[in-house]
Structure formats: C-alpha cells, structure tokens
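Structure in structure tokens, see below.
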Amino acid sequence: MNILSILGIIIYLLIVLDVIQTTLSLQGGGWLTSRFSHFFWKGFLNISGKDGSSKFLSHAGYILLIAIVIIWVFALWSSMVLILYSNPGSIIQSSTKTTAGLWEVIYYSGFTLSTLGVGDFIAAGNYWRLLTTIYSFTGLILLTMSVTYFIPVLSAVIDQQKLGIKLSTLGSTPQEIVLNSWNKKDFSRLTNKIDDISDSIIKYSQHHRTYPVIHYFHNPNQSNNVVLQLARLYEALIILTHKIKKEKQPPLEDIRPLIVAFENYFKIISEVTHINIKEKNPAKISVAILQAHGLVPATIEQKDIEEKFMKKRKFFKTLLLQDGWKWRQLEEKKP
C-alpha cells in the first residue's frame with residue numbers, strides 16, 4: 001500500500017469520526033469541526049472590527065454550518081480520489097475498459113459519494129467494488145446526518161434567542177434586575193421565576209454540549225443578546241446573595257436553582273468552547289443605585305466578595321470579548 005492510499009484512508013477515518021462525534025455524540029463537536037468553528041468565528045469577529053453589534057456577525061452561524069458540510073464532503077471526496085488514483089487500473093471506462101485518468105477518478109469519486117451511480121466508469125475488481133460501496137453508503141449517511149443535524153441545531157438557536165429575550169425582561173443592567181425584583185418587601189418578583197429561568201439556562205447549556213455550533217449564531221441586539229443577559233443576571237445574583245442587606249436577602253433555597261444552573265453553564269461552556277480566561281479583572285460591581293434605594297449598606301466590604309467570584313466574572317468577561325462585547329456594556333441601558 002503506497003503513501004497516498006494510506007493518506008486517503010487516514011483522511012476518511014478522521015472525517016467519519018468527526019461527522020459521528022459532531023452529529024451523534026453528546027460531548028460536543030468533533031476535533032476538526034470544533035477547531036474550524038473557533039477559527040472561523042475569530043475571522044468573522046476580526047472582519048467585523050470586534051463589534052458585537054455588527055449585523056455582519058449575525059451571518060456567521062448559518063455560513064459556518066454550510067462550510068462544515070462542504071469540508072466533510074470535499075475531505076471524503078479527496079480521500080477517495082487519493083486511494084483510487086494511487087492505484088492505476090482500479091477504475092476503468094465501462095465500455096472501452098481503458099484506465100481512468102485523474103479527472104475521471106475525480107468524476108467517479110464525486111458521483112459515488114453523491115450516490116448518483118452514473119455508470120460510465122466502473123470499479124475494475126472486487127476490492128474496488130467494495131470500496132465504492134463503502135463510499136457510496138458513507139455519502140448517503142453523510143447527507144442524512146447533515147439534514148438531521150441542521151434541524152435540531154436551528155431549533156436550539158431559536159431557544160437561545162428566546163432565552164435572551166426572556167432574560168431581557170428582567171432588566172437591562174445588573175442593578176436594574178435587582179431593583180425590578182424588589183417589591184418593597186422581598187425579591188419574590190424574581191424568585192417566583194427562578195425555576196423557569198433556571199430550567200431555560202440548563203436547557204441552553206445542554207444544547208451547547210450537543211450542538212456547540214449554536215455558540216456562533218450571534219445576536220447583534222445588545223438589549224437581548226443571550227451572553228450579555230446571562231452576564232448581567234450573574235452579576236445581579238452576586239448582588240442578591242452577597243451585597244444586599246442581610247435582612248433583605250432572599251432565602252438561599254429560593255436562589256439555589258439559579259446557582260446550580262450557572263455552575264452547569266460554566267462547566268459545559270468550558271468543555272465545548274476554546275476559551276482562554278483573560279487575566280485582567282473586570283470592573284467592580286456597581287451598587288450605587290441600590291445604595292440610594294437603601295437595599296445595599298452605605299459601606300460594604302467589596303474586596304472579599306469580588307475575589308470570591310473573580311474567576312467566574314473573568315469567565316464571563318472572556319465570553320463577552322469573544323462575542324464582540326465590552327464589559328462596560330453590562331451597565332449600558334439600551335431601548
């Protein structure tokens with residue numbers, strides 16, 4: 001077996017493994033797909049000027065899906081061409097029995113993968129007939145998997161957009177979320193929704209594990225972008241559990257589902273995305289408006305609280321930067 005045949009077999013196995021892992025596995029995208037997606041998004045982000053509000057970024061998701069399928073097809077196509085062309089006489093013209101050249105092998109490999117079965121070129125022996133059958137089935141399965149993968153991905157993207165809108169109803173800044181939750185007696189306006197919000201965040205996180213490509217379906221609307229809204233809600237959660245006056249803080253058992261949902265979110269996003277946490281600390285949590293309303297003590301020990309949550313806040317800062325946003329935009333109210 002020559003080097004080109006070995007290379008063709010290696011490419012075939014790598015692509016088949018990547019397709020299976022991406023479409024069927026619940027552990028994220030395949031090695032090739034996940035890394036290509038990451039660099040593809042970085043390219044889009046750089047072209048947009050790293051501006052999260054750029055409408056250009058909203059096209060990245062579906063173009064990425066198409067690009068992934070094209071890569072799968074051309075890689076499989078190339079692997080078959082390498083195997084056949086490196087073995088002269090493996091494919092012959094059906095009527096004249098003459099050996100197929102490079103372009104004829106490319107043509108034969110293409111109609112085999114597309115399962116067209118034109119028939120003007122044929123395999124010259126049992127081994128090559130078997131190889132043709134394997135690639136024909138692979139092409140059919142690839143087409144089926146691609147279609148069945150696209151539908152749930154787009155459904156997950158819709159759920160992602162719905163979550164961003166749902167969270168935007170809580171408030172457009174962390175302080176506003178807290179203030180809107182206060183009914184002059186307690187924070188039941190928020191705690192009554194905690195179970196529903198937590199379930200939605202967990203579902204969103206699990207979608208990321210199964211379909212990591214949804215991470216690159218970008219919403220340029222600052223008011224309901226899901227990453228911005230999750231960061232705002234997490235900041236509000238820190239305020240509720242550690243900065244609000246002790247006698248006014250909501251019971252921990254009422255907040256716990258949201259804490260668990262965020263822990264699950266951090267774990268899954270770390271596993272399925274290529275994220276290098278930024279070392280620079282985010283700005284301190286702003287509570288001036290809440291202090292004016294008497295919800296936060298006039299003097300509060302900030303340092304210990306900031307340090308306790310700094311790793312998770314850095315995590316969100318990195319996510320925001322990778323999505324084209326700035327940390328200061330958490331505090332920017334948009335209509």
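In the list Gly61, Gly52, Gly43, which residue meets the criterion of being closer than 17 Å to His208 by Cβ and open to solvent by less than 60 Å² (accessible area, probe 1.4 Å)? Steps first, please.
Working: Gly52 fails: closer than 17 Å to His208 by Cβ; Gly43 fails: closer than 17 Å to His208 by Cβ.
Sole residue among the options that is closer than 17 Å to His208 by Cβ and open to solvent by less than 60 Å² (accessible area, probe 1.4 Å): Gly61.
Further question: What helices (runs of 4 or more DSSP H) lie completely within the stretch 162-272 and have 1 or more residues being among the acidic types (Asp, Glu)? Quick ask: steps written out before the conclusion?
Details: elements: 174-181, 188-191, 194-210, 226-242, 252-272.
Helices (runs of 4 or more DSSP H) meeting the threshold: 174-181, 194-210, 226-242, 252-272.
Moving to a separate point now. Does the stretch 136-159 hold any residues that are under 20 Å from Ser200 (Cα atoms) and either touching a Phe, Trp or Tyr at 6+ places or on another chain (Cβ under 6 Å) or open to solvent by 70 Å² or more (accessible area, probe 1.4 Å) (or both), and which are they?
Initial filter on the stretch 136-159 (under 20 Å from Ser200 (Cα atoms)): 151-159.
Answer for the stretch 136-159, where residues must be under 20 Å from Ser200 (Cα atoms) and either touching a Phe, Trp or Tyr at 6+ places or on another chain (Cβ under 6 Å) or open to solvent by 70 Å² or more (accessible area, probe 1.4 Å) (or both): Ile151, Val153, Leu154, Ala156, Val157, Ile158.
Moving on to the next point. Residues of the stretch 160-203 being surrounded by 15 or more Cβ atoms within 10 Å (Cβ to Cβ) and hydroxyl-bearing (Ser, Thr, Tyr), which ones?
Ser168, Ser172, Thr173, Ser181, Thr191, Ser198, Ser200 - these are the residues of the stretch 160-203 that are surrounded by 15 or more Cβ atoms within 10 Å (Cβ to Cβ) and hydroxyl-bearing (Ser, Thr, Tyr).
Additional query: Considering (1) part of a helix (DSSP H, G or I); (2) open to solvent by less than 60 Å² (accessible area, probe 1.4 Å), say which one Asn87 fails and leave the rest.
Of the numbered conditions (1) part of a helix (DSSP H, G or I); (2) open to solvent by less than 60 Å² (accessible area, probe 1.4 Å), the odd one out for Asn87 is (1).
Name the residue, out of Ser223, Ser270, that is within 12 Å of the chain's Cα centre (by Cα), hydroxyl-bearing (Ser, Thr, Tyr) and surrounded by fewer than 20 Cβ atoms within 10 Å (Cβ to Cβ).
Numbers: Ser223 fails: within 12 Å of the chain's Cα centre (by Cα).
Going through Ser223, Ser270 in turn, the sole match is Ser270.
Any residue in the stretch 253-265 that's open to solvent by 10 Å² or more (accessible area, probe 1.4 Å): show its pairings with residues that are among the charged types (D, E, K, R) at Cβ separation under 8 Å, as long as the two are six or more apart or on different chains.
Pairs found: Pro257/Asp195.
Tell me which of these Asp18 doesn't satisfy, since it passes every other one: (1) of a type outside the set (A, V, I, L, M, F, W, C); (2) in contact (Cβ under 8 Å) with a residue 24 or more places away in the chain; (3) more than 26 Å from Leu82 (Cα to Cα).
It is condition (3) that Asp18 fails.
Residues that are in contact with a helix residue (DSSP H, G or I) (Cβ under 8 Å, 6 or more places away or on another chain), free of Cβ contacts under 8 Å to residues at least 60 places away in the same chain, assigned to a helix (DSSP H, G or I) and not β-branched (Val, Ile, Thr): does the stretch 125-134 have at least one? Please lay out each step first, then the result.
To start, the set of residues in the stretch 125-134 that are in contact with a helix residue (DSSP H, G or I) (Cβ under 8 Å, 6 or more places away or on another chain) comprises 128, 131-132.
Going one step further and asking which of them are free of Cβ contacts under 8 Å to residues at least 60 places away in the same chain, we end up with 128, 131-132.
Among the residues that remain, those that are also assigned to a helix (DSSP H, G or I) are: 128, 131-132.
Checking the rest, the ones that are also not β-branched (Val, Ile, Thr) come to 128, 131.
Yes, that holds for at least one residue.
Output the residues belonging to the stretch 123-135 that are open to solvent by less than 60 Å² (accessible area, probe 1.4 Å) and over 14 Å from Trp72 (Cα atoms). Walk me through it before giving the result.
Step one: list which residues in the stretch 123-135 are open to solvent by less than 60 Å² (accessible area, probe 1.4 Å), which gives 123-125, 128, 131-132, 135.
Within the stretch 123-135, Ala123, Ala124, Gly125, Trp128, Leu131, Thr132 meet the criteria.
Could I ask something else about it? Do we have any residue at all in the stretch 229-249 that's touching a residue at least 24 places away in the same chain (Cβ under 8 Å) and loosely packed, with under 14 Cβ neighbours inside 10 Å?
Yes, the conditions are met somewhere in the stretch 229-249.
The values are calculated or read from the model by the stated rules, or taken from the named source; none is laboratory data. None of the values given here were measured: they were computed from a predicted structure. Counting neighbours? That spans all protein chains shown, and the Cβs are built from the backbone with ideal geometry, glycine included. Heads up: the accessible areas ignore ligands, DNA and RNA and are worked out on the full protein's heavy atoms, side chains in. Shrake-Rupley method; radii C 1.70, N 1.55, O 1.52, S 1.80 Å.
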